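Q: There's a structure below that I have some questions on.
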Amino acid sequence: MKKIIIGLSIGLAFAVTLIVSLTLLLQKSQSKQKIMLYNWYDYENREVMTVPAKEVRYSYPYPFSANFTSTSEDIWKQLKNNEIFVDERSCFIDDDDWNGYLMFDENNYYFVFEIEDVICVRNLICNIEYQGLSLVIPLQSIFFLNMAYVPSSKDKVKRYFETITFDESKEFYSRFDTKWVQIEEESQQIIISSLDVFSEKRYSVSIDYNQKQIGVFIENQLQVICESV
């Protein structure tokens, strides 16, 4: 009888251990993480979405993008059913075209795409470095514009104006509050209020589809940063 009791106790302990292990494994596989990214217009951190993942990795030093490996097989269905989903499209990022999902929430566009089973969520922005200023603007492409690298910057701006029309931009920017973005029909310009990272002063950035150039107003004078010529 004593051996039977000991055997039952060991079996019960094993069953409990197995159940706990399976429960923890299930919870881990079903874990969800909040993606927190910066707003382009005030650099405040905010929740964008919740995703099925064990961990989320962020860009440094400013979290304008996040990467994660999904623990769900229907992640794309979940993303498409998200209330901030806009549409499916191709987007030029750095030097390549990527297919993914466009999202919009609280004056921020986000582009979600996949690279070798890793899901990337990026704030759809262009970072501009010009005469000591570091500005961020929403754009239908994602690239870094630095006049220290003139040929590369000109190539990106040229490609942008070759592929994006003013009418497409009107639709894109129409979702933003006029506090941050203004659409100038007559001159075919998009005027964006951008906050300098270092001085916390605001500057107006012009995307001119007529002249095909990007510029910034400094002391009420337009300084052309880069043009598509």
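Q: Give segment 167-192 a look and list any residue that's open to solvent by 20 Å² or more (accessible area, probe 1.4 Å) and not charged (D, E, K, R), or say none. If you could, list the steps in order and put the result at the bottom.
A: Taking segment 167-192 as the starting set, the residues that turn out to be open to solvent by 20 Å² or more (accessible area, probe 1.4 Å) are 167-168, 170-171, 174-175, 177-180, 182-189, 191.
Within segment 167-192, Ser174, Thr178, Trp180, Gln182, Ile183, Ser187, Gln188, Gln189, Ile191 qualify.
Q: Considering (1) within 20 Å of Ser141 (Cα to Cα); (2) more than 20 Å from the chain's Cα centre (by Cα); (3) open to solvent by 30 Å² or more (accessible area, probe 1.4 Å), say which one Ser206 fails and leave the rest.
A: All conditions pass for Ser206, except number (3).
Q: Suppose we keep only residues that are touching a strand residue (DSSP E or B) at 6+ places or on another chain (Cβ under 6 Å) and hydroxyl-bearing (Ser, Thr, Tyr) within segment 125-147. Which one would you say is surrounded by the most Cβ atoms within 10 Å (Cβ to Cβ)?
A: The residue in question is Tyr130.
Q: Looking at segment 92-124, which of the residues that are farther than 21 Å from Thr71 by Cα and modelled with pLDDT under 95 is most open to solvent (accessible area, probe 1.4 Å)?
A: Ranking the candidates gives Asp95 first.
Q: Only one of these conditions is not met by Phe14: (1) more than 13 Å from the chain's Cα centre (by Cα); (2) aromatic (Phe, Trp, Tyr); (3) surrounded by 10 or more Cβ atoms within 10 Å (Cβ to Cβ); (4) at pLDDT 85 or above. Which number is it?
A: Of the numbered conditions (1) more than 13 Å from the chain's Cα centre (by Cα); (2) aromatic (Phe, Trp, Tyr); (3) surrounded by 10 or more Cβ atoms within 10 Å (Cβ to Cβ); (4) at pLDDT 85 or above, the odd one out for Phe14 is (4).
Q: Next question, about the same structure. Out of curiosity, is Ser206 touching a Lys or Arg at 6+ places or on another chain (Cβ under 7 Å), at pLDDT 95 or above and under 17 Å from Leu135 (Cβ atoms)? First the steps, then the outcome.
A: Details: touching a Lys or Arg at 6+ places or on another chain (Cβ under 7 Å): no; at pLDDT 95 or above: yes; under 17 Å from Leu135 (Cβ atoms): yes.
For Ser206, the condition - touching a Lys or Arg at 6+ places or on another chain (Cβ under 7 Å), at pLDDT 95 or above and under 17 Å from Leu135 (Cβ atoms) - is not met.
Q: Kindly indicate whether any position in segment 158-166 is of a type in the set (D, E, K, R), surrounded by fewer than 17 Cβ atoms within 10 Å (Cβ to Cβ) and either free of Cβ contacts under 8 Å to residues at least 24 places away in the same chain or more than 20 Å from Ile93 (Cβ to Cβ) (or both). Steps first, please.
A: Of the residues in segment 158-166, the ones of a type in the set (D, E, K, R) are 158-159, 162.
Filter once more, so that each one left must be surrounded by fewer than 17 Cβ atoms within 10 Å (Cβ to Cβ): 158-159, 162.
Checking the rest, the ones that are also either free of Cβ contacts under 8 Å to residues at least 24 places away in the same chain or more than 20 Å from Ile93 (Cβ to Cβ) (or both) come to none.
Among the residues of segment 158-166, not one is of a type in the set (D, E, K, R), surrounded by fewer than 17 Cβ atoms within 10 Å (Cβ to Cβ) and either free of Cβ contacts under 8 Å to residues at least 24 places away in the same chain or more than 20 Å from Ile93 (Cβ to Cβ) (or both), which makes the answer no.
Q: Follow-up question, since we're still on this one. Given the criterion out of contact with any Cys (no Cβ under 6 Å at 6 or more places or on another chain) and hydrophobic (A, V, I, L, M, F, W, C), identify the matching residue among Ile191, Ile214. Quick ask: steps written out before the conclusion?
A: Details: Ile214 fails: out of contact with any Cys (no Cβ under 6 Å at 6 or more places or on another chain).
Of the residues listed, the single one that is out of contact with any Cys (no Cβ under 6 Å at 6 or more places or on another chain) and hydrophobic (A, V, I, L, M, F, W, C) is Ile191.
Q: Please give the number of the condition Ser21 fails out of (1) more than 30 Å from Arg159 (Cα to Cα); (2) modelled with pLDDT of 80 or more; (3) not aromatic (Phe, Trp, Tyr).
A: Only one criterion is unmet by Ser21, namely (2).
Q: Suppose we keep only residues that are touching a residue at least 40 places away in the same chain (Cβ under 8 Å) and open to solvent by 50 Å² or more (accessible area, probe 1.4 Å) within segment 211-226. Which one would you say is farthest from the chain's Cα centre (by Cα)?
A: Of all residues in segment 211-226, those touching a residue at least 40 places away in the same chain (Cβ under 8 Å) come to 212-214, 216, 218, 223, 225-226.
Still in the running and open to solvent by 50 Å² or more (accessible area, probe 1.4 Å): 212, 223.
Numbers: Lys212: 25, Gln223: 27 Å.
Out of the qualifying residues, it is Gln223.
The values are calculated or read from the model by the stated rules, or taken from the named source; none is laboratory data. Everything numeric in this text was worked out from a predicted model, so none of it was measured. Every residue, glycine among them, receives a Cβ derived from its backbone with ideal geometry; neighbour counts consider all protein chains shown. When the accessible area is computed, the model is the full protein with side chains, heavy atoms only, and any ligands, DNA or RNA have been set aside. Shrake-Rupley method; radii C 1.70, N 1.55, O 1.52, S 1.80 Å.
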